[in-house]
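The values are calculated or read from the model by the stated rules, or taken from the named source; none is laboratory data. What you see is a predicted model, and the numbers here were worked out from it, not measured in a lab. Note that we place each Cβ from the backbone using ideal geometry, even for glycine, and neighbour counts take in every protein chain shown.
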Amino acid sequence: MTDRQRIHIGMINSYNVLTKKAKFVDVVESSVPLFAHLMDGGLRKKDIDMMIEYFKEIEEYEKCIELSFISTEWFNDDGSVIQKPECECDMPSFGYEYNDDMVCSTCNKRLFYERDN
């Protein structure tokens, strides 16, 4: 596999995971577990910006639009993570679809579990 192919596969894999078109575990267990960003170091705005530039160069504009939407939903203009308000309901309710950004169906605020150390 060439370096160009590795870069392209990493970009596609990162894009697919970020847009929820693929699960992280499925990519990791595949024969090409490459990513365009560090999966354990936390996603940064500049990682998404780099992917957008890559997809612009190869004229995959639909991917650019989706990644731009993710960037504006997750990051402030300065690159810091947008802090979403957390649910304060005594009995939060939520559906049965679990994902990275769970929200209470009563107040529509984020449900977040922080483990005690």
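Limited to the stretch 77-90, what total is found for residues that are in a loop (DSSP other than H, G, I, E, B) and either over 23 Å from Cys107 (Cβ atoms) or touching a residue at least 24 places away in the same chain (Cβ under 8 Å) (or both)?
The total comes to 7.
For the stretch 5-36, which positions are part of a helix (DSSP H, G or I), more than 19 Å from Cys64 (Cα to Cα) and free of Cβ contacts under 8 Å to residues at least 12 places away in the same chain?
Within the stretch 5-36, Gln5, Val25, Asp26, Val28 meet the criteria.
Here are the criteria: (1) within 15 Å of the chain's Cα centre (by Cα); (2) surrounded by 10 or more Cβ atoms within 10 Å (Cβ to Cβ). Tell me which single one Asp40 does not satisfy.
Only one criterion is unmet by Asp40, namely (2).
Which numbered condition in (1) modelled with pLDDT of 80 or more; (2) assigned to a loop (DSSP other than H, G, I, E, B) is the only one that Glu53 fails?
(2)
Of Phe94, Phe75, Phe55, which residue is over 12 Å from the mean Cα position of the chain (by Cα) and surrounded by 14 or more Cβ atoms within 10 Å (Cβ to Cβ)?
Phe55
Among the residues of the stretch 44-74, write down those that are touching a Leu at 6+ places or on another chain (Cβ under 9 Å) and among the hydrophobic types (A, V, I, L, M, F, W, C).
Ile48, Met51, Ile52, Phe55, Leu67, Ile70, Trp74
For the stretch 58-67, check the following and say yes or no: at least one residue is basic (Lys, Arg) and either under 27 Å from Lys109 (Cα atoms) or touching a Ser or Thr at 6+ places or on another chain (Cβ under 9 Å) (or both). Before the answer, list the steps.
Taking the stretch 58-67 first, the residues basic (Lys, Arg) are 63.
From what is left, the residues that are either under 27 Å from Lys109 (Cα atoms) or touching a Ser or Thr at 6+ places or on another chain (Cβ under 9 Å) (or both) are 63.
Yes.
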